[in-house]
1. Please go through the stretch 67-77 and give me each residue that is farther than 20 Å from THR178 by Cβ and in contact with a helix residue (DSSP H, G or I) (Cβ under 7 Å, 6 or more places away or on another chain), ordered by number.
2. Could you please find all residues in the stretch 169-192 being over 22 Å from VAL123 (Cβ atoms) and touching a Gly at 6+ places or on another chain (Cβ under 8 Å)?
3. For residues that are in a loop (DSSP other than H, G, I, E, B) and closer than 16 Å to VAL70 by Cβ, tally how many sit in the stretch 122-173.
4. Quick check on my filter: what residues within the stretch 154-186 are of a type in the set (Val, Ile, Thr) and either farther than 28 Å from ARG239 by Cβ or surrounded by 20 or more Cβ atoms within 10 Å (Cβ to Cβ) (or both)?
5. Among (1) within 22 Å of LEU288 (Cα to Cα); (2) touching a strand residue (DSSP E or B) at 6+ places or on another chain (Cβ under 8 Å), which single condition is ASP144 missing?
6. Do you know which residues across the stretch 231-254 are farther than 14 Å from GLU187 by Cα, among the aliphatic types (A, V, I, L, M) and in contact (Cβ under 8 Å) with a residue 40 or more places away in the chain?
7. Which numbered condition in (1) of a type outside the set (A, V, I, L, M, F, W, C); (2) touching a residue at least 60 places away in the same chain (Cβ under 8 Å); (3) surrounded by fewer than 19 Cβ atoms within 10 Å (Cβ to Cβ); (4) closer than 25 Å to CYS275 by Cα is the only one that PRO151 fails?
8. Step by step: first the residues of the stretch 32-45, then only those that are touching a helix residue (DSSP H, G or I) at 6+ places or on another chain (Cβ under 6 Å) and over 14 Å from VAL296 (Cβ atoms), then the one that is surrounded by the most Cβ atoms within 10 Å (Cβ to Cβ). Which residue is that?
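All of the numbers you see were taken from the coordinates with simple rules; none came from a lab. Worth saying up front: this structure is predicted, and the values here are computed from it rather than measured. FYI the Cβ positions are ideal-geometry reconstructions off the backbone, even for glycines, and counts take in every protein chain you see.
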Amino acid sequence: MVDLMRIGFRFPRELPASQAAPLALKAEQLGLDEFWVVEDCFWAGGIATAGAALAVTESITVGIGVLPAVARNAALTAMELGALAELYPGRFVAGLGHGPRSWMQQIGELPPSQLTALEEILVAVRRLLAGEEVTVTGEQVNLDQVRLVFPPAAVPPILAGVRGPKSLALSGRVADGTILAEPVTPEYLTFARQAIGAANHRLVSYNWLAVDADRDRARERVRGEVAAMLSPNLAPHLRPLPFGAELLSIIDSVKDQAELAARLRPEWLDELAICGPVDRCAARVRELHAAGSESVILLPVPTETIDPQLAAAAEVAAVARG
C-alpha cells in the first residue's frame, strides 16, 4: 500500500476549456488534491486547459491525462511541459499515451509501432526536461543536439497513460508513473503493478463517480457511461475480475450499446464505478488506495450538472480521509 492518498477530480471533455479555471479553483477551495484534464480528439487542447487551471490556483496539483504522444514533436512537447513546470513548480504532472488508433489515423500520425513511438517519446521528453542535451535517431524521435534553454528547476513527473501488459511494462521502464483509465478495480491495480514491475512508480486511477443515498439510483446514473467505455480493448481491466470472462463474452455478443447497458448487473456496476452513498464511495476510494493507487481521480457523469458532482467528490474525499 502506498502511504500517501491523493483524491482528485477530472474535468470532463464535454465542457469548454473556459470552464476549467473556475472549476479548478472551486476544487482547490473544496479541499481536493488534484484536478485533471484530458486531451481527446477533437475537444479542447490539454496543455492550454491545464495552464488555465494552474493560473487561477495556488496549491492544487493539475494533471494532463493524457496527451497523445505522437501528435507533437518530442522537443516541442518538452518545451510546453517545461514551461508549465517552470511557471507552477511542483504543481504539474503530465501523462503521455498512445492515442486511440482511429484518432491517430485520422490525423495522419499513426506510427508503425505505437509501443516503440511511445517509448522513444517518453525517454526523450524526460531527458530534455532534466536539462540534458539529446541527440537520437529513432523510428519516431529524431533530435540533433537539442537542449531546452529553460529546463524547469522542478522537473514534472511524466506518466504513461496505458492499459495492456506490454505498455504497462514499458511504463515501468521509462516513465515516472502510470495513469490507468476507467474502470479501475483493486484486481486491475494488482495486475497493473505486477506488469509494471517497478518500485517508486506512481499510479493514478480514473473511475466514474455517482454519489446518491439511493444505491440503485446511483448505479443507474453511471450505467450508460460504463457501457459506453466497455469494449474488447478493456480485456486487461476485466479479465482479473470474477465476472470478467462473462462480461467479455457479453461485450462480444451484444448488438449495440443499449443492449450492453441493459445487461450490466447491479453488482458489476459497483465494481466498475464508484457509486452509491457517500460512505460506500469513500470506502471504495480507500480500497483503491490500499491496492496501490496513490491518486484516485473521480470522474463526473458528463450529462449531469457539474457543480453538484464536484461538491459530491469533495465530500467523498473528506470522508475517505477520515
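1. ALA75
2. First, the residues of the stretch 169-192 that are over 22 Å from VAL123 (Cβ atoms): 181-191.
Hits for the stretch 169-192 are ALA181, LEU189, THR190.
3. Of the residues in the stretch 122-173, the ones in a loop (DSSP other than H, G, I, E, B) are 130-133, 138-141, 147-157, 162-164.
Narrowing the set further to residues that are closer than 16 Å to VAL70 by Cβ leaves 138-141, 162.
Adding up the residues that qualify gives 5.
4. Step one: of the stretch 154-186, the residues of a type in the set (Val, Ile, Thr) are 155, 158, 162, 174, 178-179, 184-185.
The answer is VAL155, ILE158, VAL162, THR178, ILE179, VAL184, THR185.
5. It is condition (1) that ASP144 fails.
6. none
7. So PRO151 meets the others, but not (4).
8. Filtering the stretch 32-45 down to residues touching a helix residue (DSSP H, G or I) at 6+ places or on another chain (Cβ under 6 Å) leaves 32, 35, 37, 39, 41, 44.
Filter again for over 14 Å from VAL296 (Cβ atoms), leaving 37, 39, 41, 44.
Values: VAL37: 27, GLU39: 24, CYS41: 14, ALA44: 20.
Taking the candidates together, the pick is VAL37.
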